[in-house]
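Engineer: Below is a structure I'd like to ask you about.
The values are calculated or read from the model by the stated rules, or taken from the named source; none is laboratory data. Computed from a prediction, not measured in an experiment: that's the story for all the values here. In this analysis, Cβ positions are derived from the backbone assuming ideal geometry, glycine residues included, and neighbour counts consider all displayed protein chains. Ligands, DNA and RNA are stripped out before the accessible areas are found, and what is left, the full protein with its side chains, is counted by its heavy atoms. Shrake-Rupley method; radii C 1.70, N 1.55, O 1.52, S 1.80 Å.
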Amino acid sequence: MSLQPYPTWFSSGGGRITLDKSNLDESNPPEFEAFDVLRPRGPPDEETQAASFSVLSVDMHVTDNKKDHNTDKYVSSNLIVRRNKEFTIVIKFNRALNEQEDNVQLEFLIGSSPDENKGTYIILPIGKEKPGVHWKSRVVETQGDYVTVGVTPDASCIIGRFRIFVVVVSDLGKQRTQRNPDTDFYVLFNPWDPADHVYMDKDEDRQEYVMNDVGVIYNGEFNRITPRSWNFGQFEEGVLDACILVLDAGKVPLVFRGNPTEVVRQGSALLNAQDDDGVLVGNWGGDYSEGTAPTAWTGSPEILLKYAKEGCVPVCFAQCWVFAGVLNTFMRCLGIPARVITNYCSAHDNSGNLKTDIVLDEDGRVDRSRTRDSVWNYHCWNEVYMKRPDLPEKFSGWQVVDCTPQETSDGLYRCGPTSVNAIKEGELSYPFDAKFVFAELNSDVIYHQSTRRGKMKIIYVDTTYVGKLLVTKKKDSSDHEDITSTYKYPEGSIKEREIMQNAERRGLNTRDYLPITEAGVEIELQADTIKMGDNFKLTLNINNQTSQTCTVSATITGCVAYYTGVTSSTFKLENKTATVEASKTESLTVDVKAVEYMPYLVEQAKLLFVVYGCIEETDASITTMTVVTLLPPELKITMTGSPRVGKDLTVSVEFLNPYNFILQKVQLRLDGPGLIPIKVKNYSQILPGGSVKYKVLIVPQSPGKKVLMACLDCPLLRQVTNQLEIEVVKDE
């Protein structure tokens, strides 16, 4: 078969995205390139043509089919269907169809080299089954010259953009319809169908994890959870094409694209640009002058469309919640149920030994040069819901997948999918990357102390600091849901100890450093909710659980820290001593002044305090740490008018600079899915005590609950966000 390519562009809803092909492998051309098929051997003469049976038009019944397939929210003029569910097309012939005598076939092609053996070239006789072909067709109705045909894609077929041809087979040969991009259609995964591996049995789950296009991603601290709205926007114009382009640019073979496990694993690698020029460039360094700061984004569509329109050039910049938000869009867009998870106190175990090693010098200060591991204040990843036929049945369901580039897996920066149930049970020998995820949740924090001669000794082990809390968005709510129990048994329980033993049998290093002799004294750090720029008090509660009076000498180190737990500058060092009677608690306070920490702040304004205590009577050591997040100033959103379809609505966003320094290169971003396209307003500076007010006119086009998101970002101030829920009603 001689195949001729058509020009390299693809269409979504009438829009065109030009692709630079220079970085694509010609041995695996893009999935969306369409190709002409065989023409008749020669043009028949006019008499023969008049008498022959031919196709005049093909109607894909886009509106009705999309509604039946739960794809009507996608902004695209092309048909979008789901696997193993029938869709109907109407074919107009030049005369009535004779089912006994006329031989009509449908051909479905995907990719550049259609092959029947690879599922990329499906030939389907109308109303007849073909051996070896799992797609089905039937004649639904015949009315004069019009024939309604029902087509059911296979439950495990490739997902992507197909071309369709109607073929009339006669003694003269095969007469195919012309190539028509308007009749191209997309096939997606189908969580509504039990035969599909991504099936979810509850409609409320499907509505939340497939159809919801606005969500909440949580950050902050485990005892002070901060919500942040995110526009997943999986139905917006061009996003579906961009998601397929991600697979094409990553050279994912078409034969892999019917397997959700494979699509998820490939997506995990392709959403970061670490080793394959994927979608997003990670940056934790603080300098975002060459792109957009991770804290400034409000949603995924802007990122995915930028990647597509600029020829698959990675988009700058992202951190974990941005990676998770875009990966969530990618999954939901293709039909895979997905949600964003936040793990508070998430270990990044560089050596993979289930230990997070914190090194202190002999004075009790954090030795930054020798501390390689870190505990992220929070880390965001994703869960996808699917059957795992490669694993025992009990390990199907929610699977962890993470595209934030931390460590390599099979040579690429990716993680998952790995079964949540397997993580909970310590079954770490199954694919993929279970040991790494288990360590993020269950690492022990081991405090070492070094002497001037370089010797190291373990002075304290905290087995409860890591994996404090895991949350996700509640169904049909903006509140968070605590899902810690799906990953872990209760800390200190018999079952938890059994799981750790099971994990060690599955290849994790044994915890030969346990047990550490208990000091009998505990130190707890507390701080009130603090606004950035405020003075505050840090409280040390020293609880003596022994039967003797103890004298505790404590060294308090205050460091500015990134949310990844990596420390920047040390701004505070203070020594305190307390005498604590048996079975009593004494409290000490440390004054922390804004002038001490403000000059050193890095993005997200987090302060890490480490306390090293020595009990004079026993020479035992105890240590602990806590993170204090400084709250940013308020960003106000107000609405004037009644939120009605087709009626004007004015929204104002206001910000006051409460600091004594100038805020420069300020960017204000507004995003309201279903309300307005993204709007970006730039201010060269905002003076101390100065304010800005940005007004936007909105005309809602559809009823229902909408979310307007606002984000103010500049080099000296990150994470200033707010959102406004708007219920749009339709006039009767």
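Engineer: Could you list all residues from the stretch 255-304 that are among the aromatic types (Phe, Trp, Tyr), in contact (Cβ under 8 Å) with a residue 12 or more places away in the chain and surrounded by fewer than 17 Cβ atoms within 10 Å (Cβ to Cβ)?
Structural biologist: Within the stretch 255-304, just 284 meets the criteria.
Engineer: Criterion first (part of a loop (DSSP other than H, G, I, E, B), open to solvent by 50 Å² or more (accessible area, probe 1.4 Å) and modelled with pLDDT of 50 or more) does residue 25 satisfy it?
Structural biologist: Taking the combined requirement at face value, the residue does not satisfy it.
Engineer: Given the conditions (1) at pLDDT below 95; (2) open to solvent by less than 20 Å² (accessible area, probe 1.4 Å), report the number of the one that residue 620 does not fulfil.
Structural biologist: (2)
Engineer: Is one or more of the residues making up the stretch 195-206 at pLDDT below 95, open to solvent by 40 Å² or more (accessible area, probe 1.4 Å) and not in a strand (DSSP E or B)?
Structural biologist: No, every residue in the stretch 195-206 fails to be at pLDDT below 95, open to solvent by 40 Å² or more (accessible area, probe 1.4 Å) and not in a strand (DSSP E or B).
Engineer: Mind checking which pairs have a first residue in the stretch 627-641 that is free of Cβ contacts under 8 Å to residues at least 60 places away in the same chain and a second that is of a type in the set (Lys, Arg), Cβ under 8 Å, 6 or more apart or different chains?
Structural biologist: 641/647
Engineer: Can you report the number of residues in the stretch 408-458 which are outside any strand (DSSP E or B) and more than 17 Å from residue 366 (Cβ to Cβ)?
Structural biologist: 29
Engineer: If you go through the stretch 151-171, how many residues are open to solvent by 30 Å² or more (accessible area, probe 1.4 Å) and either touching a helix residue (DSSP H, G or I) at 6+ places or on another chain (Cβ under 7 Å) or among the polar types (S, T, N, Q) (or both)?
Structural biologist: Count: 2.
Engineer: For the stretch 341-349, indicate whether the set of residues that are closer than 30 Å to residue 69 by Cβ, assigned to a strand (DSSP E or B), open to solvent by less than 10 Å² (accessible area, probe 1.4 Å) and not small (Gly, Ala, Ser) is non-empty.
Structural biologist: Yes, the stretch 341-349 contains at least one residue that is closer than 30 Å to residue 69 by Cβ, assigned to a strand (DSSP E or B), open to solvent by less than 10 Å² (accessible area, probe 1.4 Å) and not small (Gly, Ala, Ser).
Engineer: Now, a different point. For the stretch 313-332, indicate whether the set of residues that are more than 30 Å from residue 83 (Cβ to Cβ), out of contact with any Gly (no Cβ under 6 Å at 6 or more places or on another chain) and open to solvent by 10 Å² or more (accessible area, probe 1.4 Å) is non-empty.
Structural biologist: Yes, that holds for at least one residue.
Engineer: Can you tell me which condition residue 493 does not meet? The list is (1) open to solvent by 20 Å² or more (accessible area, probe 1.4 Å); (2) small (Gly, Ala, Ser); (3) at pLDDT below 90, and all the others hold.
Structural biologist: (3)
Engineer: Follow-up. Which of the following residues is crowded, with 21+ Cβ neighbours inside 10 Å, more than 23 Å from residue 287 (Cα to Cα) and hydrophobic (A, V, I, L, M, F, W, C): 708, 717, 697?
Structural biologist: Exactly one of 708, 717, 697 is crowded, with 21+ Cβ neighbours inside 10 Å, more than 23 Å from residue 287 (Cα to Cα) and hydrophobic (A, V, I, L, M, F, W, C), namely 708.
Engineer: Also: Suppose the filter is farther than 30 Å from residue 218 by Cα and either crowded, with 18+ Cβ neighbours inside 10 Å or of a type in the set (A, V, I, L, M, F, W, C) (or both); does residue 470 pass it?
Structural biologist: no
Engineer: With 106, 97 as the choices, which residue is open to solvent by less than 60 Å² (accessible area, probe 1.4 Å), of a type in the set (A, V, I, L, M) and within 24 Å of residue 188 (Cβ to Cβ)?
Structural biologist: Answer to the selection: 106.
Engineer: Six or more apart or on different chains, Cβ atoms under 6 Å: show the pairs whose first residue is in the stretch 486-506 and more than 18 Å from residue 419 (Cβ to Cβ) and whose second is open to solvent by 90 Å² or more (accessible area, probe 1.4 Å) and of a type outside the set (Val, Ile, Thr).
Structural biologist: Close Cβ pairs (under 6 Å, with a partner that is open to solvent by 90 Å² or more (accessible area, probe 1.4 Å) and of a type outside the set (Val, Ile, Thr)) do not exist here.
Engineer: Take the residues in the stretch 128-150 that are over 33 Å from the mean Cα position of the chain (by Cα) and buried (at least 18 other Cβ atoms within 10 Å of the Cβ), then tell me which one is nearest to residue 108 (Cα to Cα).
Structural biologist: Result: 137.
Engineer: Related question: Could you run through the stretch 386-418 and say how many residues are under 13 Å from residue 265 (Cβ atoms) and crowded, with 24+ Cβ neighbours inside 10 Å?
Structural biologist: Total meeting the criteria: 11.
Engineer: Only residues that are β-branched (Val, Ile, Thr) and assigned to a loop (DSSP other than H, G, I, E, B): list them for the stretch 593-610, please.
Structural biologist: Correct list: 602 only.
Engineer: Related question: Here is a list of conditions, (1) within 21 Å of residue 291 (Cβ to Cβ); (2) open to solvent by less than 60 Å² (accessible area, probe 1.4 Å); (3) without any contact (Cβ under 8 Å) to a residue 60 or more places away in the chain; (4) under 23 Å from the mean Cα position of the chain (by Cα), and residue 668 meets all of them except one; can you say which number that is?
Structural biologist: (4) is the only condition that residue 668 fails.
Engineer: Report, by residue number, each residue of the stretch 208-239 that is of a type in the set (A, V, I, L, M, F, W, C), open to solvent by less than 10 Å² (accessible area, probe 1.4 Å) and not in a loop (DSSP other than H, G, I, E, B).
Structural biologist: Scanning the stretch 208-239 gives 210, 217, 230, 239.
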